Every structure is written in C-alpha cells, then in structure tokens.
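Novice: Below is the structure I would like to discuss, written out as structure tokens.
The values are calculated or read from the model by the stated rules, or taken from the named source; none is laboratory data. Keep in mind it's a predicted model, so treat the numbers as computed, not measured. Cβ coordinates were reconstructed from backbone atoms using ideal geometry, including for glycine residues, and neighbour counts include every protein chain displayed. Just the protein is used for accessible areas: all its heavy atoms, side chains included, with ligands, DNA and RNA removed. Shrake-Rupley method; radii C 1.70, N 1.55, O 1.52, S 1.80 Å.
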Amino acid sequence: MKKMKGTRDYFGYDSKKINYVFNLLDETSKEFGYEKIITPTFEVSELFTRTVGNDVDVVNKEMYTFSDKKGRSLSLRPEGTAGATRLALENKLIDNNQIQSFYYISNMFRYERPQKGRQREFFQFGVERYGEDCLMVDTEVIQFGISILNKLNIDKYELQINSIGSSEDRIKYNDALKEFTSSRLDNLSDYAKEKYNSDNIFRIFDTKNDNDLEILKDAPSMIDFLSKESLERFKKIKLTLRQLEIKFIVNDKLVRGLDYYNDLVFEFVSTDEENLGSKSTIIGGGRYNKLVNKIDSSKDVPAVGFALGIERLILASDKFLSKNIDNRIDYYIATAHDELAMDWTANRIAFSLRNKSYSVIVDYRAKKLSKKYDRAKEIANKLIIVGNEIKDGNITIKDLKTNETIEMKIGEI
Ligand code: HAM
C-alpha cells in the first residue's frame, strides 16, 4: 500500500529538518509572547463556511468534508484561524477588553493539485493576535514573520501589502470590478467566469490562470475605493513600515484567498526561483476584525495574524538547514566480538554518556567489527570499541572525522 497523493512521510534527515523548524518556531513565538494552542483536526463544516467563506476555493473546492455516523457534516481543517477563534470564544479567552496572542503548528488539509511546496496535507505555523485594532500590532505581526525568515537565512522574498478596506468599500469596488470584467468576459477562463457570475466577484482574483491575471492587471484598484478611514490607516501602516526600514511593495491586486479579512492584507512571496519557485507565497496574513462576530454575534473583537507553510519554509531555507543541522549522533558503541555483545560494559558506558546528554547508539549485533565500523562512519562522530582491552579496564575511541584513535580508561569517558 502507498501513501495518498499529496501527502508525505517524514523520516531521516527530513524529519530532523522539520523538527529543527518546529523548535525554531516555538522559540520565536516565545520571544514574541505567543502561547501555543492545539485545536482538533476536524470541526463542524459550518465553522469554515461561515468564516473562511462559502465562495472561496479553500472551502467549496478543496475542503475534505464528510458525514460522521450521526450525519453531521464535518471537515478536516483547511486552515487555522477559524479553529483558533472558535477555541478562544468557546473557552472565553477573548473579550472586548482582553489581549490574547496564540500560535499553532498543525497539519492542514486542502484538496489541491500537488506540486513543489503544495500538498494536500501540509504543516502550517500560524499566529493570531486578538483584542486591539492597532496598526502597531499589524506591524509587529509582520516583524514576527520577518524574524522567522531571518533566523532561517531566507532573504529571497518580497513583502507585498494591500488594503481591502471594509465590506462596504468592497461592495462599491465589486460594482466597478463587474463593469470592468463584463466587457472582457469572452477572454477570461471558465474559473473567472464562474466568479463573475457568483455573489462574490472579488474572488476572481483567486484565479491562477496567467491570461486572467494579465487581463486583471488593468482592473480598477481597490485602493481607489477605500473609505477615508481605511485609506488613512493604510497610509499610516506604510509610513510605519518605512520608518522601521521594512521593505515592501504595494500590490493592489492582492486580496488573499479567504473571506474574513479587512484593511491590511500581506504576503511574503518567494523570489527564489531555484529552491521554491518564484511567486510562491511563504507567509500570508492580514487583519480580520469581523471574524469573531461571525462565530459569536454578541462579540466584536479585532484581530490580526498570519500563517506560513512549513514545507515551503524548509524548501526556502534548505541550504541553511543542511549546514546547520547536525545529522550525526555523538557516539556509536560497537562490541568487538560476540562474547562481548552480552557484556554490560557497552551498556554502562552508553548510560553514563546519555546522562551527560550525548546521543549514543550501541550496536549489539553479532556482526564483524568492520561492518559496525562502516555503519558508525555513516551516522556518528565517534566510535567506541569495546574489545579485549576491557580486561584492563580500557576502551578504544576513534574520532571518525580525523581517524585519530586513542585508548582510555572506562571511568575517564
Ligand atoms: P493561506 O494563505 O491560505 O492563509 O495559507 C498560509 C500559508 O500556508 C501559505 O502562504 C502557504 O505557505 C501555506 N499553504 C497553503 N496551502 C498550502 C498547501 N496546499 N501546501 C503547502 N503549503 C500551503 C491562511 O491559512 C490564513 N489562516 C492565514 C492567517 C492567519 N490569516 C490570519 N491569521
């Protein structure tokens, strides 16, 4: 039997790499004062249709939805913001006057066409900050993303920002977009036509068709439809980013593929043709002040956050990870011949080294020492040979990098 298309196994070096990244994300979250949450892998489907949106691909095309034995419609989470917000509300962790900062590292599920950096099951790291409608928080969340990229030596990216204003702004914009699109409909893809005919023409920007994207380049700019308040806010964010020397470009066609955003949306888009392919989004996020209210209509809690695809992060930082992850264990202990395999000496040495936090493997196999040596060379820094010298209380240690060999007393190691 084989694994399903779009899923993957982690073992060996890949498992080391992903764990290195998990730890780095935990550490960075601690630095920013974010608390880890874990939500269930599946939720009622309505959580996603109500928040992420009914017309968005992530929900209506890509979600793994099934009925349970009681006939309830459930879905594997396609993203983390809806679940995090549900958790916060259900456990009464957010209110109008409370600040909360959460992060998660979870597997997500989307029925997409798999390709490099795009899977059907993938890991996401996400951060969600509730309780303030403040552009300094928006900026801090962006800095959070930059901090992760810096730590992994990723510098081939572009920070793109846009403002999609309020829902009222978007209604006005949708009319203008409809007018623009109607005269070009014949040249657009079926996907774009479908969006044109839906209640949410805004989603036309989710098209991946190059020809559609070319045509949409001339579409009216959302920025011209922003209310005074949203425009002012966007100007201030740009100013703050400049003051903090954070490089960005404004992409007025950036709308993000999820329905819950308002005002600021942003993406860190890769320009690394070699490792990830350019145009691949590593991080995506934005402000979502109306989402809480969609789950609990008695509450209005502003929020902002982002998520990143961990597999994409690994592809983008592959060279750095290869250099920095020590894939070798510290000691490989080999017994020199069969009679010594059952001797307690190797076991005792391993125990004492592990107590000192060294990584140790003992090879008890009844195999020739040369075979054990070959394996040690592959995976360890040092080889300890437990041979006949143990009669005199000695062992042999071989440094597998320099080939230097020394004999020493068991008690000295
Ligand atoms: P998203 O843009 O849908 O946003 O996903 C965020 C990131 O997850 C993407 O930029 C990408 O790196 C990764 N990703 C998405 N789909 C796949 C896939 N099929 N395979 C591999 N990686 C993938 C969200 O999910 C929002 N919840 C982000 C957010 C948090 N906004 C506010 N708070």
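Novice: LYS319: which aspartates and glutamates have alpha carbons under 18 Å from its alpha carbon, excluding same-chain residues fewer than 8 sequence positions away?
Specialist: ASP14, ASP155, ASP272, GLU273, GLU274, GLU311
Novice: Here's another thing I want to ask about it. Just the number, please: carbon plus sulfur as a percent of the accessible area of the chain, 1.4 Å probe, no ligands or DNA/RNA counted.
Specialist: C and S fraction of accessible area: 48 percent.
Novice: Given all pairs of different Cα atoms, what value in angstroms does the Kirkwood hydrodynamic radius of the stretch 277-384 take?
Specialist: Hydrodynamic radius (Kirkwood, Cα pairs) of the stretch 277-384 is 18.7 Å.
Novice: Between beta-carbons, use under 13 Å as the cut-off and find the net charge around LEU87, counting Lys and Arg +1, Asp and Glu -1.
Specialist: -1
Novice: Taking amide H positions as placed in the peptide plane 1.01 Å from N, state which residues far from ASN200 in sequence (5 or more) or on other chains have amide H under 5 Å from it.
Specialist: Those lying under 5 Å, H to H, from ASN200: there are none.
Novice: For the peptides 112-124, 24-36, 256-268, what is the packing order when you average, over each peptide's residues, the other Cβ atoms within 10 Å and list the highest mean first?
Specialist: Averaged packing, sorted descending, gives the order 256-268, 112-124, 24-36.
Novice: Taking only the alpha carbons of the stretch 39-190, what extent do you get along each of the three principal axes, in Å, biggest first?
Specialist: If we take the Cα atoms of the stretch 39-190, the spans are 48, 47, 38 Å.
Novice: Excluding ASN403 itself, what net charge comes from residues whose Cβ is under 13 Å from its Cβ, given Lys and Arg +1 and Asp and Glu -1?
Specialist: Summing Lys and Arg as +1 and Asp and Glu as -1 gives +2.
Novice: Greater than 19 Å separation of Cα atoms is the criterion. Which listed pairs, LYS36/LYS92; LYS3/LYS36; LYS5/LYS116; LYS16/LYS401; LYS36/LYS236; LYS156/LYS217, meet it?
Specialist: Among LYS36/LYS92; LYS3/LYS36; LYS5/LYS116; LYS16/LYS401; LYS36/LYS236; LYS156/LYS217, the Cα-Cα distance tops 19 Å for LYS3/LYS36; LYS16/LYS401; LYS36/LYS236; LYS156/LYS217.
Novice: Cβ under 14 Å from THR271's Cβ, THR271 left aside: what net charge do those residues give with Lys, Arg +1 and Asp, Glu -1?
Specialist: Taking every other residue near THR271 into account, the sum is -2.
Novice: Further, regarding this structure: Over the chain, what is the relative contact order in percent, taking alpha-carbon pairs closer than 8 angstrom and at least six residues apart?
Specialist: 16 percent
Novice: To the nearest 10 square angstrom, what accessible area does MET108 show with a 1.4 Å probe?
Specialist: MET108 has an accessible surface of roughly 0 Å² with all protein chains in place.
Novice: Only helices at least 20 Å long along their axis, Cα-based, and averaging 0.5 or more on Kyte-Doolittle count here, so list those DSSP H runs from the chain.
Specialist: 135-151
Novice: Given a 1.4 angstrom probe, what's the average accessible area per residue across the chain, in square angstrom?
Specialist: Dividing the accessible area of the chain by its residue count gives 51 Å².
Novice: Using the Karplus curve 6.51 cos²θ - 1.76 cosθ + 1.60 with θ = phi - 60°, work out ³J(HN,Hα) for each residue of the stretch 387-395 in order, rounded to whole Hz, and write x for Gly and Pro.
Specialist: x, 5, 5, 5, 4, 9, x, 10, 9
Novice: Considering amide H positions built from the backbone, and no H for Pro or chain starts, which residues 5 or more places from VAL250, or on another chain, come under 5 Å of its amide H?
Specialist: Sorted by chain and number, the residues that satisfy this are ILE161.
Novice: Another question, then. How high is the relative contact order of the stretch 1-123, given as a whole-number percent (alpha carbon pairs under 8 Å, six or more residues apart)?
Specialist: Value for the stretch 1-123: 31 percent.
Novice: I'd like to compare 168-179, 141-152, 8-19: which one has the highest average count of other Cβ atoms within 10 Å, and what's the full order after that?
Specialist: Top of the packing list down: 141-152, 168-179, 8-19.
Novice: With charges only on Cβ, +1 for K and R and -1 for D and E, what is the dipole size of the chain about its Cα centre, in debye, rounded to 20?
Specialist: Using Cβ point charges on Lys, Arg, Asp and Glu, the chain gives about 1140 debye.
Novice: Name the residues whose placed amide hydrogens come within less than 5 Å of the amide hydrogen of MET63, ignoring near sequence neighbours (fewer than 5 apart) on the same chain.
Specialist: Amide H to amide H, under 5 Å and 5 or more residues apart or across chains, MET63 pairs with TYR111.
Novice: Spelling out what I want: for every residue of the stretch 292-299, take phi, set θ = phi - 60°, compute 6.51 cos²θ - 1.76 cosθ + 1.60 (Karplus), and round to whole Hz; glycine and proline get x.
Specialist: Couplings: 4, 5, 6, 8, 10, 5, 8, 10 Hz.
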